[in-house]
1. Does region 1-79 come out rounded, prolate or oblate, given a ≥ b ≥ c as the square roots of the eigenvalues of its C-alpha gyration tensor, rounded meaning a/c under 1.5 and, failing that, prolate meaning a/b above b/c?
2. About the Cα centre of region 1-147, how large is the charge dipole given +1 on each Lys and Arg Cβ and -1 on each Asp and Glu Cβ? Please answer in debye to the nearest 20.
3. Taking 8 Å as the Cα distance limit and 6 or more residues as the minimum spacing, I'd like the relative contact order of region 72-154 as a percentage.
4. What distance in nm separates the two pseudo spin-label positions at Ser35 and Arg150, each 7 Å out from Cα along the beta-carbon direction?
5. Suppose a student asked you for the relative contact order of region 1-150, using Cα pairs under 8 Å spaced at least 6 residues apart; what percent would you report?
6. For Ile158, what residues show an amide H to amide H distance below 5 Å, using hydrogens built from the backbone and excluding near sequence neighbours?
7. Before anything else, pin down the relative contact order of the chain: Cα pairs under 8 Å, at least 6 apart, normalised by residue count, whole percent.
8. With just the Cα atoms defining each centre, how far is region 14-38 from region 213-230? Give it in Å.
Amino acid sequence: MGHYDHRVHAGNAGDVWKHFLLLEAADCLLDPDGSLVYAESHVGRPEYALRAPGDWEGGIGKIWPHLPSLRNFCYFDILADLNHQGLIPGLGLYPGSARLVMELAERKRAKLLAELWDIDANVIDTWRQYQQIALHLGDGFSGVMSLLDRQPPGLLLIDPPCIDPSEVISAENLFVAAKEKGWTVLCWYMMDGEALASDSITEFSIEFSKIELDCGRARGCTIALACPNGSLRRHLDGRIKTFIKTMQNFAFGSSK
Ligand SMILES: C[S@@+](CC[C@H](N)C(=O)[O-])C[C@H]1O[C@@H](n2cnc3c(N)ncnc32)[C@H](O)[C@@H]1O
């Protein structure tokens, strides 16, 4: 399998959709008096410096000017705060998925038990200052699979780089196993890529052009959701509608 480095892709249109949904799901599940197990099979780095050229220009770069109006979404609120709002696009910092969830947990004063995997030792090394999390160097598919027997159900993000067809099968096996154990699972894949074949899953797809984003040849992406909690699904439905409408209003406003 080839080596994958997320640094040139961080903040792209797919990251925007994935992180928007991830943070909305985490917001529902994080309770100030409770604790949540948060697992990631493919965690990447805690943060990324955004420099041009980069895929972020068609993703978070397009949204950046609107951040102040998007603060009622926890994902954008955290992004704005971490960047002291108003930085010129290109000089920003983009937090990765786990860093975003950790930041949200801290804001909500909720206890997060993070169990994170990455196969790249250099990536794992970038987490050394974060002592309160369990970091694992190795294959995240088998790693999280073994975690399912050790921890109570929590929130799981499966986010493989999808450079090898075998990853789709591994992602699907992990998705189904975690779903059966009562976890809330989000799994990312490209819209034109191979989809999970599982029945009875909810999929949230976005065509990037619909929210004025652009990711080169990729038309859009999908987040598959398994969730034992019907109100979470309804929450995500509602937030997606509001987000899409807000983005379309920005586009309409700028074309006047
Ligand atoms: C798409 S990036 C992760 C991005 C991150 N989840 C985010 O949203 O900010 C994929 C990561 O998976 C790692 N990776 C690739 N194959 C892996 C495997 N079998 N197990 C665990 N990590 C793997 C890569 O090193 C890379 O850091």
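The values are calculated or read from the model by the stated rules, or taken from the named source; none is laboratory data. The structure presented is a predicted model; accordingly, all values stated were derived computationally and were not measured. With ideal geometry, Cβ positions are generated from the backbone for all residues, glycine too; neighbour counts draw on all protein chains shown. For accessibility, only protein heavy atoms count, side chains too; no ligands or nucleic acids. Shrake-Rupley method; radii C 1.70, N 1.55, O 1.52, S 1.80 Å.
1. It is oblate, given that a/c is not under 1.5 and a/b is not larger than b/c.
2. On the way: 12 positive and 19 negative charges, 62 e Å.
About 300 debye.
3. Working: 52 pairs, mean separation 17.8, N = 83.
Reported as a whole number, the value is 22 percent.
4. In this crude spin-label approximation the distance works out to 1.4 nm.
5. 33
6. Leu186, Cys187, Trp188
7. Working: 429 pairs, mean separation 57.0, N = 256.
Here the relative contact order equals 22 percent.
8. That distance is 15 Å.
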